[in-house]
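The structure appears below as structure tokens.
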Amino acid sequence: MIHFVLLIVCAVAIYLSCEWFVNAVEWLGERLNVGKMAVGTILAAFGTALPESVVTLVAVTTGATDEAKDIGVGAAMGGPLALSTIAYGVTGAMLMLKRRRERIAAGPGATPAGAKNEEALGSAADMKRLAKDQKWFLPIFAVKVALGLVAFAFKPVLGLLFFAAYAVYFWREIRGGDDEDEGPDLEPLKFQPKAASPSTWAVAAQTALTLVVIFFASQLFVKQLDAIGPMLGLSAAVTALLLSPVATELPEIMNAVIWVRQGKTQLALANISGAMMIQATVPSGLGLLFTRWDFDAALLWSGLITMAAIVYLLMTMRGHRLTPARLTVAAGFYVVFALGLIPILA
């Protein structure tokens with residue numbers, strides 16, 4: 001019983017911390033004079049990707065056996081899978097719910113702007129920008145999966161190329177600071193709610209403190225899932241491949257929910273795509289440097305499903321047909337992954 005209670009407490013702590021985190025990170029972006037979308041793709045993504053990146057780092061550098069180190073490989077593959085399916089799917093569902101509420105609030109016969117679920121998520125320029133992020137992710141991830149199927153002497157050195165790829169992406173995002181403002185103005189900093197322009201120290205302190213809470217709450221959340229899985233009759237392998245990735249990506253999901261609620265859809269989507277780029281490069285580079293990076297059937301299956309989900313999203317974005325309903329469909333790929341694991345793990 002205590003595990004279920006702690007699970008709920010951790011989820012609440014993560015949500016509340018994320019609410020304070022997104023508030024702080026928007027002010028941090030303003031202080032650093034970076035573009036609105038870079039707040040999501042770089043600043044917020046870097047902070048919320050910290051828990052799973054640390055899991056990979058610890059596993060691959062301190063694991064006493066190859067099997068222990070392979071936990072880091074699983075984390076490096078599970079993160080992008082959960083983001084490209086569950087995170088996008090939850091965001092789509094929240095957008096559908098938000099638009100439904102707006103339609104009800106507008107009353108019979110009235111249709112507020114953007115309230116229809118069949119309307120695209122943003123302008124053609126917004127879709128082009130989101131598609132660009134997916135086009136960065138897909139080839140890098142494909143190479144990452146391909147390297148898991150081959151073995152050669154200098155494979156570990158290629159891990160450095162993944163770090164370089166993220167450095168290029170980081171520079172591109174930071175330099176592209178010409179995004180238009182989206183949604184409402186910045187809300188007052190929660191550390192200084194009465195200040196029109198909060199102190200830099202308060203912005204930094206709120207950002208750092210919320211990151212610490214998110215980190216430890218996420219780790220405790222994953223441990224509770226590891227304990228609850230066997231209680232529900234789930235094997236350790238199923239828990240690691242199905243539940244743990246969702247738990248480690250919970251901060252990104254919470255951020256997206258909060259930004260959607262605030263009417264900042266593009267920031268929500270940018271946070272997910274930015275976190276995906278980190279997951280496709282940094283943990284992968286660590287895995288290549290410190291492990292065999294050798295995929296079994298389950299890891300290969302997760303990679304194929306992730307790429308299928310991204311191809312689906314990329315096609316809808318490029319055609320300016322990405323709607324809340326179509327975004328929600330992305331979660332269906334995770335269901336396909338779960339069903340495909342049954343014969344693999346049997």
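The values are calculated or read from the model by the stated rules, or taken from the named source; none is laboratory data. Just so we're clear, the structure is a prediction, and the values are computed from it rather than from any experiment. Heads up, the Cβs are rebuilt from the backbone with ideal geometry, glycines too, and the neighbour counts pull from every protein chain shown.
What number of residues within segment 311-345 are among the basic types (K, R) and over 18 Å from M96 (Cβ atoms)?
The qualifying residues number 1.
Matching residues to (1) in contact with a helix residue (DSSP H, G or I) (Cβ under 6 Å, 6 or more places away or on another chain); (2) not β-branched (V, I, T):
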site: V260; (1), (2): yes, no
site: G263; (1), (2): no, yes
site: L288; (1), (2): yes, yes
site: A309; (1), (2): yes, yes
site: M315; (1), (2): no, yes
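Might you check whether a residue that is small (G, A, S), part of a helix (DSSP H, G or I) and modelled with pLDDT under 80 occurs anywhere in segment 192-208?
Step one: filter segment 192-208 for residues small (G, A, S), giving 195-197, 199, 202, 204-205, 208.
Right, trim to part of a helix (DSSP H, G or I) and you get 202, 204-205, 208.
Checking which are modelled with pLDDT under 80 leaves us with none.
Within segment 192-208, not a single residue is small (G, A, S), part of a helix (DSSP H, G or I) and modelled with pLDDT under 80.
Out of (1) at pLDDT 90 or above; (2) in a loop (DSSP other than H, G, I, E, B); (3) not polar (S, T, N, Q), the odd one out for L322 is which?
(1)
Could you please find all residues in segment 336-346 being of a type in the set (A, V, I, L, M, F, W, C) and surrounded by 12 or more Cβ atoms within 10 Å (Cβ to Cβ)?
V336, F337, A338, L341, I344, L345
Just to check your reading of the model, which residue among R318, R292, R326, R261 is over 27 Å from A38 (Cβ atoms) and either in contact with a Gly (Cβ under 7 Å, 6 or more places away or on another chain) or touching a residue at least 60 places away in the same chain (Cβ under 8 Å) (or both)?
R292
If we scan segment 166-188, do we find a residue that is closer than 30 Å to S123 by Cβ, modelled with pLDDT of 90 or more and not in a helix (DSSP H, G or I)?
Yes, segment 166-188 contains a residue that is closer than 30 Å to S123 by Cβ, modelled with pLDDT of 90 or more and not in a helix (DSSP H, G or I).
Is it fair to say A125 is modelled with pLDDT under 85, assigned to a loop (DSSP other than H, G, I, E, B) and small (G, A, S)?
no
What tally of residues in segment 210-221 results from selecting those that are farther than 30 Å from L121 by Cα, among the hydrophobic types (A, V, I, L, M, F, W, C) and touching a residue at least 60 places away in the same chain (Cβ under 8 Å)?
Residues meeting the conditions: 5.
I need every pair where a residue in segment 129-148 that is among the acidic types (D, E) has its Cβ under 6 Å from the Cβ of a residue that is modelled with pLDDT under 95, sequence separation at least 6 or different chains.
The qualifying pairs are D133/S273.
Among what's in segment 140-167 and is of a type in the set (F, W, Y) and more than 19 Å from A275 (Cβ to Cβ), pick the residue that is surrounded by the most Cβ atoms within 10 Å (Cβ to Cβ).
Only one residue fits best here, namely F152.
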